[in-house]
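Trainee: My questions all concern the structure below.
The values are calculated or read from the model by the stated rules, or taken from the named source; none is laboratory data. This one's a predicted model, so the numbers in the text were calculated from it and none came from an experiment. Methodologically, a virtual Cβ is constructed for each residue, glycine included, from the backbone with ideal geometry; neighbour enumeration extends over all protein chains shown.
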Amino acid sequence: MAVTPVVLALSRSGEPTAHRVANAIGAMVHGRSGRVDQADVFFENALNHARDLFAAGTPIVGVCASGILIRGVAPLLNDKKSEPPVVSVSDDGGVVVPLLGGHRGANRLARDIASALDGTAAVTTAGDVALGVALDEPPAGWRMAKGDAKSVMAGLLSGQKFTLSGAVDWLQPLVDGPSVSQVAATTVRGAGIPPVKLTADDNPGLGLIWHQARYVLGLGCARGASADDMWKFVTNTLDEAGIAAEAIACVASIDLKADEPAMIETARRLGVPLRLFTAAELEAETGRLANPSDVVFAEVGCHGVSEGAALAAVGADGDLVVEKRKTPDCTCAVAMSDIALIDLPGRARGRLSIVGIGPGQASWRTPEVSQLVAEAEELVGYGLYIDLLGPLATGKVRSDFPLGGEEARCRYALEEAAKGKNVALVCSGDAGIYAMGALVFELMDRGPDEMGVSDAARRVDVVCSPGVSALQGAAARAGAPLGHDFCTISLSDLLTPRDDIIRRLHAAAEGDFVIAFYNPVSKTRRTLLAEAREILLQHRPADTPVMLATSLGRPEEFVRYRRLDQLEVDEVDMMTVVLVGSSNSRLAKLGEGPRMFTPRGYARKIDGDLSGSS
């Protein structure tokens, strides 16, 4: 459960309980407007709010009737392996019910809440109820090797006999039952504690293995090393040392390798984080290295990367258990901690998510964007766009930038991500359409003398997520004006030379494209829209339909239609998208109002098919 849960308070009778729950689990309270007196965030519609949180992957604890939460998230139910926990708490705190995500943290969350409230956790998951433990949800610091937990739990529930090799507190409920006997753990090659195994007495192939994550894999490599070669090298090293992949807590290296594809892929295959250290931090480990190297020091500023990173990650009480091994392109070493590694030192690679939130309406925001925003530690963007995220932005660090500060905005977001943070750069519409996406990559591509960004910023993980553009939103409101070929043209000459804009207007007019005009006017730019109208009138009828869509998806949304020859500059502003039809576009007067569409030509296709038949 990587994202902090949100506690929903829907009534004054449940409000005190909601605050007790929030204090117990370190969460914020979201309260229903007019029904709750105190909350960190207020919302109007409980079903919509629960749905938005669920779509963002946010665990939900609702102090309310279970049915409210069920109805709220039901349309989004799809994959129990990825859905966030949903827990219902009665107004008096007496009953706590995990509704969804029992083995993704909900059962544990319910028990923690019930303990804090002196209530009852109504856990209904069969294995948890009968066995007292969720076999596929080991506690922090433990990892389960691949195995069929469902079949093992079914065998235990049916009375099949198993043997537990090893002793750990969290599996003690199994030993207390009638089906499991316990023996001492089998010693394996390599340092550290042996794995814990649960095996069916009559079927050695049926069982589970858990490992305590106490090892760190330190890696170094030449730039551009093969991911497959590194993986083969790593797996051979672990096999020879008798160390299971599931016992690895993280991959560690020098921060210069933050964007090294082979290391990123190795960490991904192991299913663990990549942790990074500066050369100075690794140099501090020199006295503990088994193989210090002056050559490495001359190259990167420390006497050892793989050994140093492994030791830095396990801390002063850890030890090197596999000294540096090397191939022509890679080095690796393994260190072991004396305790399970949960809070990892070093820093993450850092991620910048470039997200488009759509025109502003929550229902037009994609679930992927919502999840990236929910996961982000810091939100960066034009203040209005961050405000449009509503409750998703509450409690997060936010850095607001004014219009006109686009380059500073993108540079700041990249440099903050370079510190190891998870940052979301918030844009309206789609971040790759007249927004910050292109500028981010331009800054990363610039040389050191071209006002670019730091080397560390060039190594961050950049994720782009699509959003509903204003163009799409306007077209949907109109009907289907983009049913045939179309283009978009920005009328802002702040970034595009005026001559280029005029040239593109003539080309689009001659090509008879449907045209979406972005940035049509501003307080100081008032002439290009009128020029565009006159250019278009040279190539298409005066009654060509034009749609003006202002503040799409927001309460003040305003949509109207005009003829091309009656398009007036004064009724357009920067919040307006202007859609101009082609010579074939039509404005149909239907029962629900005018609908604008551009025929694709299916009638001609059908006529051709019929005339060619015999």
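Trainee: Return the pairs, sorted by first residue and then second, in which the second residue is assigned to a helix (DSSP H, G or I) and among the β-branched types (Val, Ile, Thr), the first residue lies in the range 377-390 and is in the same structural domain as Arg411 (by TED's automatic domain parsing), the beta carbons are less than 9 Å apart, and the residues are 6+ apart or on different chains.
Mentor: Note: pairs meeting the criteria are Leu379/Val373; Leu379/Ile386; Val380/Ile386; Leu389/Val373.
Trainee: Being touching a strand residue (DSSP E or B) at 6+ places or on another chain (Cβ under 6 Å), closer than 26 Å to Asp259 by Cβ and at pLDDT 90 or above: is that true of Val426 here?
Mentor: In short, yes.
Trainee: While we're here: Criterion first (on the phi < 0 side of the Ramachandran plot, out of contact with any Gly (no Cβ under 8 Å at 6 or more places or on another chain), in a helix (DSSP H, G or I) and surrounded by 14 or more Cβ atoms within 10 Å (Cβ to Cβ)) does Leu47 satisfy it?
Mentor: Spelling it out, it is not the case that Leu47 is on the phi < 0 side of the Ramachandran plot, out of contact with any Gly (no Cβ under 8 Å at 6 or more places or on another chain), in a helix (DSSP H, G or I) and surrounded by 14 or more Cβ atoms within 10 Å (Cβ to Cβ).
Trainee: When you go through (1) touching a residue at least 24 places away in the same chain (Cβ under 8 Å); (2) under 23 Å from Ser583 (Cβ atoms); (3) among the hydrophobic types (A, V, I, L, M, F, W, C); (4) surrounded by fewer than 17 Cβ atoms within 10 Å (Cβ to Cβ) one by one for Ala542, which number turns out not to apply?
Mentor: Going through the list (1) touching a residue at least 24 places away in the same chain (Cβ under 8 Å); (2) under 23 Å from Ser583 (Cβ atoms); (3) among the hydrophobic types (A, V, I, L, M, F, W, C); (4) surrounded by fewer than 17 Cβ atoms within 10 Å (Cβ to Cβ), Ala542 breaks only (1).
Trainee: Another question, then. Please work out which residue is nearest to Ala247 (Cα to Cα), limiting yourself to the range 291-333 and to residues that are part of a loop (DSSP other than H, G, I, E, B) and of a type in the set (Ser, Thr, Tyr).
Mentor: Checking each candidate, the answer is Thr327.
Trainee: Right, another one. Among the numbered conditions (1) surrounded by fewer than 19 Cβ atoms within 10 Å (Cβ to Cβ); (2) over 25 Å from Thr278 (Cα atoms); (3) not assigned by TED's automatic domain parsing to the domain that holds Arg586, tell me where Val426 comes up short.
Mentor: Among (1) surrounded by fewer than 19 Cβ atoms within 10 Å (Cβ to Cβ); (2) over 25 Å from Thr278 (Cα atoms); (3) not assigned by TED's automatic domain parsing to the domain that holds Arg586, the lone unmet condition for Val426 is (1).
Trainee: Considering (1) touching an Asp or Glu at 6+ places or on another chain (Cβ under 8 Å); (2) in contact (Cβ under 8 Å) with a residue 40 or more places away in the chain; (3) more than 26 Å from Trp364 (Cα to Cα), say which one Gly601 fails and leave the rest.
Mentor: Condition (1) is where Gly601 drops out.
Trainee: Let me ask another. Inside the range 286-301, can you point out the residues that are out of contact with any strand residue (DSSP E or B) (no Cβ under 7 Å at 6 or more places or on another chain) and of a type in the set (A, V, I, L, M, F, W, C)?
Mentor: If the condition is that a residue be out of contact with any strand residue (DSSP E or B) (no Cβ under 7 Å at 6 or more places or on another chain) and of a type in the set (A, V, I, L, M, F, W, C), then Leu289, Val295, Val296, Phe297, Ala298 are the ones that fit.
Trainee: I'm trying to understand the selection: among the residues of the range 9-44, which are in a loop (DSSP other than H, G, I, E, B), more than 24 Å from the chain's Cα centre (by Cα) and acidic (Asp, Glu)?
Mentor: The answer is Asp37, Glu44.
Trainee: Hey, does the range 264-284 have a residue that's free of Cβ contacts under 8 Å to residues at least 24 places away in the same chain, of a type outside the set (Lys, Arg), closer than 30 Å to Ala145 by Cβ and crowded, with 19+ Cβ neighbours inside 10 Å?
Mentor: Yes, the conditions are met somewhere in the range 264-284.
Trainee: Tell me which helices (runs of 4 or more DSSP H) are completely within the range 61-170 and hold 1 or more residues being over 23 Å from the mean Cα position of the chain (by Cα) and among the polar types (S, T, N, Q), or say none if there are none.
Mentor: 66-73, 106-117, 149-157
Trainee: Under the condition of being hydroxyl-bearing (Ser, Thr, Tyr) and in a helix (DSSP H, G or I), which residue from the range 251-290 is nearest to Arg351 (Cα to Cα)?
Mentor: Among them, the one singled out is Thr266.
Trainee: Taking the criterion of being charged (D, E, K, R), surrounded by 14 or more Cβ atoms within 10 Å (Cβ to Cβ) and touching a residue at least 60 places away in the same chain (Cβ under 8 Å), would at least one residue in the range 20-27 satisfy it?
Mentor: There is at least one residue in the range 20-27 that is charged (D, E, K, R), surrounded by 14 or more Cβ atoms within 10 Å (Cβ to Cβ) and touching a residue at least 60 places away in the same chain (Cβ under 8 Å).
Trainee: Look at Ile354 and say whether it is modelled with pLDDT under 95 and either under 17 Å from Leu256 (Cβ atoms) or under 31 Å from the mean Cα position of the chain (by Cα) (or both).
Mentor: no
Trainee: Still on this structure: Name the single residue, out of those in the range 545-580 being over 17 Å from Phe597 (Cβ atoms) and of a type in the set (Gly, Ala, Ser), that is surrounded by the most Cβ atoms within 10 Å (Cβ to Cβ).
Mentor: Checking each candidate, the answer is Gly553.
Trainee: Then there is this: In the range 181-238, which residues are surrounded by fewer than 16 Cβ atoms within 10 Å (Cβ to Cβ), modelled with pLDDT under 95 and of a type in the set (Ser, Thr, Tyr)?
Mentor: Ser181, Thr186, Thr187
Trainee: Shifting gears a bit: Please work out which one of (1) part of a helix (DSSP H, G or I); (2) on the phi > 0 side of the Ramachandran plot is the condition Gly360 fails and give its number.
Mentor: (1)
Trainee: So, one more: Do we have Glu416 as at pLDDT below 95, in the same structural domain as Arg365 (by TED's automatic domain parsing) and not in a strand (DSSP E or B) here?
Mentor: For Glu416, the condition - at pLDDT below 95, in the same structural domain as Arg365 (by TED's automatic domain parsing) and not in a strand (DSSP E or B) - is not met.
Trainee: Just wondering, is there one or more residues in the range 521-528 that are touching a helix residue (DSSP H, G or I) at 6+ places or on another chain (Cβ under 8 Å), part of a helix (DSSP H, G or I) and outside the structural domain of Ile264 (by TED's automatic domain parsing)?
Mentor: Yes, because at least one residue in the range 521-528 is touching a helix residue (DSSP H, G or I) at 6+ places or on another chain (Cβ under 8 Å), part of a helix (DSSP H, G or I) and outside the structural domain of Ile264 (by TED's automatic domain parsing).
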